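This report concerns only the one structure given below.
What follows draws every value from the coordinates through simple rules; no lab data is involved. Just so it is clear, the structure is predicted and the values come from calculations on it, not from any experiment. As a convention, Cβ positions derive from the backbone with ideal geometry for all residues, glycine included, and neighbour counts pool all protein chains shown.
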Amino acid sequence: AQSVTQLDSHVSVSEGTPVLLRCNYSSSYSPSLFWYVQHPNKGLQLLLKYTSAATLVKGINGFEAEFKKSETSFHLTKPSAHMSDAAEYFCVVSAPSGGSYIPTFGRGTSLIVHP
Amino acid sequence: DAGITQSPRHKVTETGTPVTLRCHQTENHRYMYWYRQDPGHGLRLIHYSYGVKDTDKGEVSDGYSVSRSKTEDFLLTLESATSSQTSVYFCAISEEAGGPDTQYFGPGTRLTVL
């Protein structure tokens, strides 16, 4: 069984300040972990993914995430927020289940960026 | 962008009517998925397919059926739509290997059941 918890439903930051979106996961197997972004009225787009290589993963648009097995966390960070980062962010865990990898999505974190 | 289209993009229907949503891909990916997105719930998996005529249920499959007669098409059917099925529906695909692959998402279909 697997699950993912996004610890904040909304995060509000000012432009130019750091972003931290928190994600904890549970999995019986070594998981793959993903962050996706969804801009208003759009589909989802991959930001970054962890698949058991380097624990610090760099993604698009300056985002990165660190896999911490001891804390079962995969938090998403960015040093300096831009207005264009305002969107919904989803953490996803994927692990084998009956021969397939079926992803489980978190409930999402809405990032609000103030001028 | 991955070649995924969904049709229709918007639909309004009445309770009790059948509805079919179509997902079409041009990437020849093995896996296809149907999700629904509702506020506060993220994306929840309805059904998925791991090949032609090979499908399985997700966590919210009640009231939905699917079919995949060709690699490129994955249909989602609401046999008798209910107001609780008002949602935004997303199709996704993932690559041939079937491992921990990136999913690519379609633009979504907004369905309203009156």
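Of the candidates B:VAL12, B:VAL60, B:VAL88, the single residue that is among the hydrophobic types (A, V, I, L, M, F, W, C) and away from chain A (no Cβ under 14 Å) is B:VAL12.
With respect to the conditions (1) touching a His at 6+ places or on another chain (Cβ under 6 Å); (2) among the aliphatic types (A, V, I, L, M); (3) at the interface with chain A (Cβ under 8 Å from one of its Cβ atoms), B:LEU43 lacks only one, and its number is (1).
Among the conditions (1) aromatic (Phe, Trp, Tyr); (2) at the interface with chain A (Cβ under 10 Å from one of its Cβ atoms); (3) within 18 Å of B:LEU78 (Cα to Cα), B:TYR31 misses just one, which is (3). There is at least one residue in segment A:94-110 that is touching a Gly at 6+ places or on another chain (Cβ under 8 Å) and β-branched (Val, Ile, Thr). Taken together, the criteria exclude B:ASP101 from residues that are outside any strand (DSSP E or B), more than 14 Å from chain A (Cβ to nearest Cβ) and out of contact with any helix residue (DSSP H, G or I) (no Cβ under 9 Å at 6 or more places or on another chain).
A count restricted to segment B:73-91 and to residues that are part of a loop (DSSP other than H, G, I, E, B) and either of a type in the set (Val, Ile, Thr) or free of Cβ contacts under 8 Å to residues at least 40 places away in the same chain (or both) stands at 2. Every condition in (1) within 20 Å of A:LEU46 (Cα to Cα); (2) surrounded by fewer than 16 Cβ atoms within 10 Å (Cβ to Cβ); (3) more than 12 Å from chain A (Cβ to nearest Cβ) is met by B:THR5 except one, and the failing one is (3). Among the residues of segment A:38-49, those that are hydrophobic (A, V, I, L, M, F, W, C) and closer than 15 Å to A:HIS75 by Cβ comprise A:LEU47, A:LEU48.
Of all residues in segment B:61-71, how many are touching a residue at least 12 places away in the same chain (Cβ under 8 Å) and surrounded by fewer than 18 Cβ atoms within 10 Å (Cβ to Cβ)?
Residues that pass the stated criteria total 7.
For the residues B:THR26, B:THR17, the requirement of being more than 14 Å from chain A (Cβ to nearest Cβ), among the polar types (S, T, N, Q), surrounded by fewer than 16 Cβ atoms within 10 Å (Cβ to Cβ) and touching an Asp or Glu at 6+ places or on another chain (Cβ under 8 Å) singles out B:THR26.
The set of residues in segment B:29-43 that are within 14 Å of B:THR86 (Cβ to Cβ) and surrounded by fewer than 18 Cβ atoms within 10 Å (Cβ to Cβ) comprises B:ASP38, B:PRO39, B:HIS41. With out of contact with any Phe, Trp or Tyr (no Cβ under 9 Å at 6 or more places or on another chain) and either closer than 30 Å to A:SER30 by Cβ or among the charged types (D, E, K, R) (or both) as the only criterion, which of B:GLU95, B:GLU59, B:GLU27 stands out? Selected residue: B:GLU59, the only one of B:GLU95, B:GLU59, B:GLU27 that is out of contact with any Phe, Trp or Tyr (no Cβ under 9 Å at 6 or more places or on another chain) and either closer than 30 Å to A:SER30 by Cβ or among the charged types (D, E, K, R) (or both). Residues in segment A:70-100 that are over 22 Å from B:TYR48 (Cβ atoms), in contact (Cβ under 8 Å) with a residue 60 or more places away in the chain and over 13 Å from the mean Cα position of the chain (by Cα): A:PRO79, A:SER80, A:ALA81, A:HIS82, A:MET83, A:ASP85. Residues in segment B:47-63 that are under 17 Å from B:GLN37 (Cα atoms) and part of a strand (DSSP E or B): B:HIS47, B:TYR48, B:LYS57.
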